[in-house]
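What follows is one structure encoded as structure tokens, with my remarks underneath.
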Amino acid sequence: MSSLLIAEEFISIQGEGGLVGAPSYFVRVTGCPLRCVWCDEPNTSWTPKGQRMATADIAERVIASGIERVVLTGGEPFSQAGSVDLAQRIMSAGLHLTIETSGAVAQTGLTCDLLSISPKLWHSTPRRRGDNLADRHDRLRYNPDLLASLVGQAKDWQIKAVVRPGEDKDIKELLDLLSAAGIADRGRVFLVPEGVDAAALDAGLRALSPVCIKYGFRLGHRLHLSLYGNTPGT
């Protein structure tokens with residue numbers, strides 16, 4: 001029987017990307033190959049915790065909720081083979097499925113209505129003495145060929161890049177990544193400010209707005225954090 005290691009399931013408001021504001025059922029898997037220094041879900045990456053659940057049971061709860069939009073997120077959904085089965089069950093039920101991925105892991109057989117890719121930029125890399133996390137993280141996070149492949153296979157897609165406001169290096173790397181992947185449609189690319197509290201987010205949005213205007217990106221909110229704070233189940 002297909003299963004997934006799940007950190008949490010909850011109903012909330014989509015806070016990011018093109019569907020911001022939409023009521024959604026979130027299924028958050030645990031486990032991620034990356035180790036972003038600012039990860040706001042460390043229990044799915046740095047210290048993965050979760051419960052193994054049958055994908056049939058998860059799908060049953062999702063369908064019974066009556067929520068039409070579903071978000072499979074993490075962690076990294078592509079790191080678990082059971083994501084394929086869950087996605088197929090959700091799509092077969094006629095629900096709208098968004099899958100959120102870092103763009104660091106390849107996966108075959110996964111289908112969704114919207115693929116939301118969040119490539120990690122240079123400031124995400126953990127730099128600690130005495131370990132090899134930085135090298136491993138950097139090898140995985142920047143992969144133009146994989147990004148191009150994911151976009152090419154997607155029914156619909158968007159890119160969400162967490163940016164540290166004021167860091168020109170972030171923007172340069174993002175532009176280089178998009179160019180190397182052959183992605184010209186910047187209207188599908190959201191710049192999201194780093195930060196988890198309301199004050200930092202507001203300041204970040206103001207700082208990134210002229211950058212979006214200059215390069216044709218979209219300004220990405222993190223509405224759920226403004227509404228509920230950085231708390232589980234939101």
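Laid out as a table, the results:
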item: Residue within segment 196-219 that is within 17 Å of the chain's Cα centre (by Cα) and at pLDDT 95 or above present; result: yes
item: Residue check, Ile171 β-branched (Val, Ile, Thr), under 22 Å from Lys214 (Cβ atoms) and assigned to a helix (DSSP H, G or I); result: yes
item: Total residues in segment 109-138, condition of a type outside the set (Asp, Glu) and under 18 Å from the mean Cα position of the chain (by Cα); result: 16
item: Per-region count, segment 120-164, residues over 17 Å from Pro77 (Cα atoms), hydrophobic (A, V, I, L, M, F, W, C) and assigned to a helix (DSSP H, G or I); result: 4
item: Listing of strands (runs of 3 or more DSSP E) fully contained in segment 1-92 that carry 2 or more residues being over 30 Å from Pro126 (Cβ atoms) and in contact with a strand residue (DSSP E or B) (Cβ under 9 Å, 6 or more places away or on another chain); result: 3-13, 23-29, 69-73
item: Identity of the residue in segment 189-217, without any contact (Cβ under 8 Å) to a residue 60 or more places away in the chain and of a type in the set (D, E, K, R), that ends up surrounded by the fewest Cβ atoms within 10 Å (Cβ to Cβ); result: Lys214
item: Segment 74-104, residues that are surrounded by 19 or more Cβ atoms within 10 Å (Cβ to Cβ) and of a type in the set (A, V, I, L, M); result: Leu86, Ala87, Ile90, Leu97, Ile99, Ala104
item: Filtered residues of segment 107-149 (kept if among the hydroxyl-bearing types (Ser, Thr, Tyr), in contact (Cβ under 8 Å) with a residue 40 or more places away in the chain and crowded, with 18+ Cβ neighbours inside 10 Å); result: Ser116, Ser118, Ser124, Thr125
item: Residue satisfying all of: in segment 150-163; of a type in the set (Gly, Ala, Ser) and either touching a residue at least 24 places away in the same chain (Cβ under 8 Å) or under 21 Å from Arg35 (Cα atoms) (or both); surrounded by the most Cβ atoms within 10 Å (Cβ to Cβ) among these; result: Ala161
item: Per-region count, segment 63-73, residues in contact (Cβ under 8 Å) with a residue 12 or more places away in the chain and surrounded by fewer than 24 Cβ atoms within 10 Å (Cβ to Cβ); result: 6
item: Residue ID - farthest from Asp176 (Cα to Cα), chosen from residues in segment 93-119 that are among the hydrophobic types (A, V, I, L, M, F, W, C) and in a strand (DSSP E or B); result: Leu97
item: Among (1) on the phi < 0 side of the Ramachandran plot; (2) touching a residue at least 40 places away in the same chain (Cβ under 8 Å) - the single one Gly166 does not satisfy; result: (1)
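The values are calculated or read from the model by the stated rules, or taken from the named source; none is laboratory data. All values derive from a computational prediction rather than experimental measurement. Using ideal geometry, Cβ is built from the backbone for each residue, glycine included, and neighbour counts are taken over all protein chains shown.
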